[in-house]
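These notes are about the structure you will find just below.
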Amino acid sequence: MKRIYILGAAGSIGEQTLDVISQMPDAFQLVGISLSTDHYKNQSILDRFQVEICCLRVSDDLPFYEHKYPNVQFVIGDQGLLDIASYPKSGILVNALSGSAGLKPTMRAIESGKDIALANKETLVMAGDLVIEAIQKYGVKLLPVDSEHSALWQTLKGESMDDVLKIIITASGGSLRHLDRYQLDNVTLSDALKHPNWSMGAKITIDSATMMNKGLEVIEAHHLFGLPYDQIETILHDESVVHGFVAFKDGTMKASLSVSDMRIPIAYALHYPKRVDYPHHLELSNLSFKPMDFDRFPLLKLSYEVGKTGGLLPTVMNAANEAAVKLFIHGDISFLEIESIIIFCIQPLKKSSKPIDPFKNTSRMFTERGKSCSSLTSSFSS
């Protein structure tokens, strides 16, 4: 029986992980979880699963939960995430947190000897070199959960990286893929959240619409598979059936195909190296592929440049993106201003012979609001 910890258990990936665990209760013991501020979801999870330790968001909720669940050790906030990560029982920690909050618990879990099932790509974007070094130092496994990286991981199994010409990550194009850039001025939050293929949380769905999510995946793939950015390609694939290709030097290619269901890569990571039955088998139809349009999706182009530059630049880009997406969700900026803010923060820090215009095709200029990167950082930290 494998011991499992889930950070972000009440989120989209967390809930699907719980579903995978519930399908085979004799295979897993759920030891620790972190929850949300949604009391209905939280109690539903705690009523279904007997955990030993649970992290709540705010301390005000502690008396209620301690009274209702007296056999559970409750911890609070960011420190509580670290308490779960360092809990003195080995196992697999599923990091399903959103954004930069996933980095410190991942490092703490590695140091405590836990394997990592990683759905939090920001961890590798911000500190990929440090994470990979720690994985090797402490002898634990890093198990990709993102559908694209799981596909590549499976496709590369048994192959020599010396034989790889390139890896290819597919992108659906997100909820706004049918719109040209001039049509993006009046995009609403509701428009951006209507992903055609996947059911995901708000932040990652918006990242999919801007293609920042794919940019983060490119940087993540660089660290996971040790390939230079020139050997990591992205292509548009509307159907989200092929999740990743590997092209080999001998002219052959391998691909991983499945239905669009995150429970498949989650189950593969948790059951690794075994596979388990899945009830819905893929029925192949016409599949379409198009070259990536970097003019339509400038944040993906920026991500390649940032990844190649390295240093703290990926962390800055990630922080700017998290803050900008939060502002968009709260209705403070337009959709296109997400791009403007990120490029505005990155441009002074990167060396480029062809600077990207941060205000091209935007309906309003970020600077007109009197904001700056310093105030943006404050928004990100709050």
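Any read-out appearing in this document is the output of simple, stated calculations on the displayed coordinates, not a laboratory observation. Not measured: the values here are computed from a predicted model. We place every Cβ from the backbone using ideal geometry, glycine too, and count neighbours over all the protein chains shown.
So the values come out like this:
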| quantity | calculated |
| --- | --- |
| Spin-label pair Tyr229/Asp47, simplified geometry with 7 Å Cα→Cβ offset, distance in nm | 4.9 nm |
| Of all DSSP beta bridges in the chain, antiparallel share, percent nearest 5 | 30 percent |
| The chain: relative contact order as a whole-number percent, Cα under 8 Å and 6+ apart | 14 percent |
| Choice from Val316, Val246, Val72 showing the highest fluctuation, given a GNM over the chain with Cα pairs closer than 10 Å | Val72 |
| Model label zone, Phe248; criterion: amide N under 12 Å from point 7 Å along Cα-to-beta-carbon; scope the range 165-183 | 165 |
| Rough spin-label spacing in nm, given labels placed 7 Å along Cα→Cβ, for Ser22 and Tyr40 | 1.5 nm |
| Candidates His243, His222, His271, ranked by Gaussian network fluctuation over the chain, Cα under 10 Å, top entry | His271 |
| Exposure proxy ranking, count of Cβ atoms within 10 Å, fewest first, for Asp238, Asp19 | Asp19, Asp238 |
| Extension gain (nm, one decimal) between Val58 and Gln347, 0.36 nm per residue minus Cα-Cα | 100.4 nm |
| Where a label projected 7 Å from the Cα of Asp277 along Cα→Cβ would reach, residues of the range 1-39 with amide N under 19 Å | 19-28 |
| For Thr234, residues with placed amide H under 5 Å, excluding near neighbours | Ile169 |
| For Val94, residues with placed amide H under 5 Å, excluding near neighbours | Tyr5, Ile6, Leu7, Ala117 |
| Rh (Kirkwood; distinct C-alpha pairs) - the range 2-145, Å | 15.0 Å |
| Positive-end extreme of charge dipole, the range 183-320 - chosen from Tyr272, Thr210, His222 (charges on Cβ) | Tyr272 |
| Descending principal axes extents, the range 219-305, alpha-carbon based, whole Å | 40, 31, 30 |
| Most mobile of Gly14, Gly201, Gly80 in a GNM of the chain (Cα contacts under 10 Å) | Gly201 |
| Spatial separation of Cα centroids for the range 197-227 and the range 1-58, in angstrom | 24 Å |
| Taking Val242, Val325 and counting other C-beta atoms within 10 Å, the order from fewest to most | Val242, Val325 |
| Trypsin sites (Lys or Arg not before Pro) restricted to DSSP loop in the range 156-199 with at most 13 other C-beta within 10 Å | Lys157, Lys194 |
